[in-house]
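K.L.:
What follows is a single structure, and I will ask about it in a moment.
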Amino acid sequence: MDRSIFFLDQDKMPTHWYNIQADLPEPLPPPLHPGTKQPVGPADLAPLFPMEIIKQEVSQERYIEIPDEVQAIYRTWRPTALHRAYRLEKALDTPAKIFYKFEGTSPPGSHKPNTAVAQAYYNKKEGVKRLTTETGAGQWGSSLAFACNLFGLELKVYMVKVSYNQKPYRRMMMETWGAKCVPSPSPDTKAGRDVLAEDPDCPGSLGIAISEAIEDAATSKDTHYSLGSVLNHVLLHQTIIGQESMLQMEMAGYYPDIIIGCVGGGSNFGGMFLPFIKDKISGKKRDLRIINVEPTSCPTLTKGLYAYDFGDAAGMTPLLKMFTLGHGFMPPPVHAGGLRYHGMAPIICHLHKLGLVEAQAVPQVATFAAGVQFARTEGYISAPETNHAIRVTIDEALKCKETGQSKVILLAHSGHGHFDMAAYESYLTGKLTDYAYPEEKVKEALASLPEVTTA
Ligand SMILES: *Cc1c(COP(=O)(O)O)cnc(C)c1O
């Protein structure tokens, strides 16, 4: 029998998250206070995050225990399955062996509840009553809505306006789980009002929505802020994906040669590859290739500058050392809303700078061509974000066909695309277009990077 799915039993689910900070060849550059330009301390972050999460952000412990309550909720849908893509391999006529770890079976349909549940848990434990957050395509907002509901927390979500209009069912999901969702820029915050005064038709961006959510949390009682990607603790929580995958690849009898994933802020892919990159750093698997895939219209790793920048558009967050297109950069309204972010997880940027991971940018239409080919072979309809990773997976498998090499490819499949059918229709009817790399706008945005002379 050709086994198509590698199931990990629930009693084999990892009980600890893996913290890459314990194994980095060089330490991460610290986040800086936007005023003093000195490294931020726990006191600077305490108004926004619970102490447990602040500790995780800087922890050097290799393994951090997943609280029992969080493990219990993970078991609602975890471990997720590792699939072998036999029909895709056959359609491509490739000797490559393609595996994909499918995060689309969580209740909200992506990897994002892996951290949402943990963040809601730590906030609840600290006595917080309400959370605020931003969301792009709505995956993060709906994941945090799902998690907050389980812990009895109130939630307000600032959803990027272009996605709010494109994806009404995501809003309805959030409301079903009891959250409140408004389009961003909104008139509810000063950050939103400032943007609307300049451009009433602004389509919004993750950067603006983050500014709104932070302002709300900082100025409201018993309220904390929650971020769905980028930060170290988010990638930490997502390592459940990679750790399960390691066990499942072992069940399959293979170790990947190439790991491929899409990156918006870097959380799903970081969660997948960090447990594996440990083997690359230690020399056990030196030639492992790790490919981060991003849109050509928002090419953070491939065209950005490695510099200190704000995580949000209004300049309220600490300064993070990352590849950035400039916090003022407004990415074109591609369907992959989760990839429309000017920055990238500092952990991934650091690894990229050290030459331990690669990056590739792909144009929108080609990603949907890949997503449709995947749907017509493997059956699953993937999120537009995930389609970026599928594109490069197919490209690498086709290269194997040319060279005759039967490489083992592991694809991080971040979620399903059931609420993105309008985007698929646009592709299927030939209406979908590419956005050129907005070079001038990036140049403009990069000109206004904050000055940092101390680091
Ligand atoms: C949010 C999202 C992404 C991008 O975010 P990362 O933090 O880079 O993982 C990718 N895929 C899906 C399905 C998402 O919901």
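The values are calculated or read from the model by the stated rules, or taken from the named source; none is laboratory data. All figures in this text were calculated on a predicted structure; none of them were measured in a lab. So basically every Cβ, Gly included, is an ideal-geometry build from the backbone, and we count neighbours across all protein chains shown. Remember, those area values only see protein heavy atoms, side chains included, never the ligands or the DNA or RNA. Shrake-Rupley method; radii C 1.70, N 1.55, O 1.52, S 1.80 Å.
K.L.:
What dipole magnitude, in Debye to the nearest 20, does the chain give about its Cα centre under +1 on Lys/Arg Cβ and -1 on Asp/Glu Cβ?
P.N.:
With only Lys, Arg, Asp and Glu charged at Cβ, the dipole is about 720 debye.
K.L.:
Give me the distance between the Cα centres of region 50-65 and region 180-240, rounded to whole Å.
P.N.:
24
K.L.:
Residue by residue through region 347-353, which ³J(HN,Hα) values in whole Hz follow from phi under the Karplus form 6.51 cos²θ - 1.76 cosθ + 1.60 (θ = phi - 60°), with glycine and proline marked x?
P.N.:
4, 5, 4, 4, 5, 5, 4
K.L.:
Between Ile290 and residues 5 or more places away or on another chain, which pairs have amide H atoms under 5 Å apart, with H built 1.01 Å from N, and which residues are they?
P.N.:
Long-range HN contacts for Ile290: Ile259, Glu358.
K.L.:
Another one. Once R0 is set to 35 Å, what does the formula 1/(1 + (r/R0)^6) return for the Cβ-Cβ distance between Thr429 and Met172, expressed as a FRET efficiency to the nearest 0.05?
P.N.:
0.90
K.L.:
Over region 344-391, what relative contact order in percent results from Cα pairs under 8 Å that are six or more residues apart?
P.N.:
Relative contact order for region 344-391 comes out at 33 percent.
K.L.:
Check the straight Cα-Cα distances from Lys129 and name the aspartates and glutamates below 15 Å, setting aside those fewer than 8 residues away within the same chain.
P.N.:
Glu154, Asp216, Asp222
K.L.:
Sticking with this one: If a/c stays under 1.5 just call it rounded; otherwise compare a/b with b/c (prolate if a/b is bigger, oblate if not). Do that for region 328-383, with a ≥ b ≥ c from the square roots of the Cα gyration tensor eigenvalues.
P.N.:
Oblate, since a/c reaches 1.5 and b/c is not below a/b.
K.L.:
Taking the Cα centre of region 68-214 as origin and charging only Cβ (+1 Lys, Arg; -1 Asp, Glu), how large is the dipole, in debye to the nearest 20?
P.N.:
Its charge dipole is roughly 560 debye.
K.L.:
Label-point separation (nm) for Ser448 and Ile5, each offset 7 Å from Cα along Cα-to-Cβ?
P.N.:
It works out to 5.0 nm between the two label points.
K.L.:
Return the distance in nm (one decimal) between the two label points of a simple spin-label model at Thr377 and Glu358, each offset 7 Å from Cα along Cα→Cβ.
P.N.:
1.9
K.L.:
Once both axes come from the Cα atoms, what is the angle between helix 206-219 and the longest principal axis of the chain, in degrees from 0 to 90, rounded to 10?
P.N.:
Compared with the principal axis, the helix lies near 50 degrees.
K.L.:
Please give the solvent-accessible surface of Thr433 in Å², to the nearest 10, using a probe radius of 1.4 Å with every protein chain present.
P.N.:
Its accessible surface works out to 80 Å², give or take rounding.
K.L.:
Can you bin region 53-172 into rounded, prolate or oblate? Criterion: square roots of the alpha carbon gyration tensor eigenvalues sorted a ≥ b ≥ c, rounded for a/c under 1.5, prolate for a/b above b/c, oblate for the rest.
P.N.:
Cα axes put region 53-172 in the oblate bin.
K.L.:
Still on this structure, please answer the following. How much of the accessible area of region 323-433, probe 1.4 Å, is carbon plus sulfur, in whole percent? Walk me through the numbers on the way to the answer.
P.N.:
Numbers: 1920 of 3590 Å².
Here carbon and sulfur together make up 54 percent of the probe-accessible area.
K.L.:
OK, next. Apply the Karplus parameterisation 6.51 cos²θ - 1.76 cosθ + 1.60, with θ equal to phi minus 60°, to every residue of region 310-321 and state each ³J(HN,Hα) to the nearest whole Hz, in sequence, with x for glycine and proline.
P.N.:
Karplus values, whole Hz, x for Gly and Pro: 6, x, 10, 6, 7, x, 9, 7, x, 7, 10, 7.
K.L.:
Just check the chain against the gyration tensor rule for me: Cα atoms, a ≥ b ≥ c as the square roots of the eigenvalues, rounded for a/c under 1.5, and otherwise prolate or oblate depending on whether a/b exceeds b/c.
P.N.:
It comes out rounded by the Cα gyration axes.
K.L.:
Put Ile5, Ile409 in order of accessible area, largest first, 1.4 Å probe: what do you get?
P.N.:
From most exposed to least exposed: Ile5, Ile409.
K.L.:
Write down the accessible area per residue of region 1-122 in Å², having rolled a 1.4 Å probe over the full set of protein chains.
P.N.:
Here the residues of region 1-122 average 44 Å² of exposed surface.
K.L.:
How much solvent-accessible surface does Asp199 expose, in Å² to the nearest 10, with a 1.4 Å probe and all protein chains in place?
P.N.:
Here the accessible area works out near 60 Å².
K.L.:
Could you list which residues have their amide H under 5 Å from that of Lys285, counting only those 5 or more apart in sequence or on another chain, with H placed in the peptide plane?
P.N.:
Amide H to amide H, under 5 Å and 5 or more residues apart or across chains, Lys285 pairs with Lys280.
K.L.:
Then there's this: Output ³J(HN,Hα) for region 56-72: one whole-Hz value per residue in order, computed from phi by the Karplus curve 6.51 cos²θ - 1.76 cosθ + 1.60 with θ = phi - 60°, and x for Gly and Pro.
P.N.:
So the J values, rounded to whole Hz, are 5, 4, 10, 4, 10, 5, 5, 10, 10, 5, 7, x, 3, 4, 6, 4, 4.
K.L.:
Nearest 10 degrees, 0 to 90: what angle lies between the long axis of helix 267-282 and the longest principal axis of the chain (Cα atoms)?
P.N.:
Computed tilt is about 60 degrees.
K.L.:
How large a share of the accessible area of region 209-317, in percent, is made up of carbon and sulfur atoms when the probe is 1.4 Å and the other protein chains stay in place?
P.N.:
About 51 percent, which is the carbon plus sulfur part of the accessible surface.
K.L.:
Say each of Lys285 and Gln38 gets a label point 7 Å from the Cα, pointing the same way as Cα to Cβ; how far apart are those two points in nm?
P.N.:
4.3
K.L.:
Along the charge dipole of region 21-96, which of Thr80, Pro34, Tyr63 sits closest to the positive end, that is, farthest toward it, with unit charges on the beta carbon of Lys, Arg, Asp and Glu (+1, +1, -1, -1)?
P.N.:
Result: Thr80, furthest along the dipole toward the positive end.
K.L.:
To test your reading of the geometry: what angle, between 0 and 90 degrees and rounded to tens, separates the Cα axis of helix 232-252 from the longest principal axis of the chain?
P.N.:
10
K.L.:
Another question, then. With a cut-off of 8 Å between alpha carbons and a minimum separation of six or more residues, what is the relative contact order of region 61-123 in percent? Let's see the in-between values first.
P.N.:
Numbers: 45 pairs, mean separation 20.2, N = 63.
Taking the mean separation of contacting Cα pairs over the length of region 61-123, I get 32 percent.
K.L.:
Still on this model: Distance cut-off 20 Å, Cα to Cα: go down the list Lys303/Lys431; Lys124/Lys167; Lys97/Lys303; Lys112/Lys180 and report the pairs above it. Please report the intermediate quantities before stating the final value.
P.N.:
Working: Lys303/Lys431 27 Å; Lys124/Lys167 29 Å; Lys97/Lys303 31 Å; Lys112/Lys180 18 Å.
Checking Cα-Cα distances, Lys303/Lys431; Lys124/Lys167; Lys97/Lys303 exceed 20 Å.
K.L.:
If you count only protein heavy atoms with a 1.4 Å probe, what accessible area per residue comes out for region 168-281, rounded to a whole Å²? Present the calculation step by step, with values, prior to reporting the outcome.
P.N.:
On the way: 3660 Å² over 114 residues.
Value returned for region 168-281: 32 Å² of accessible area per residue.
K.L.:
For region 1-84, which GluC sites (Glu not before Pro) pass both filters: DSSP loop (anything but H, G, I, E, B) and at most 16 other C-beta atoms within 10 Å?
P.N.:
For GluC sites (Glu not before Pro) across region 1-84 that sit outside H, G, I, E and B with at most 16 neighbouring Cβ atoms in 10 Å, the list reads Glu61.
K.L.:
Which residue, Ala383, Thr393, Gly304, has the largest displacement toward the positive end of the dipole of region 293-418 when charges sit on each Cβ (Lys, Arg +1; Asp, Glu -1)?
P.N.:
My answer, from the dipole projection, is Thr393.
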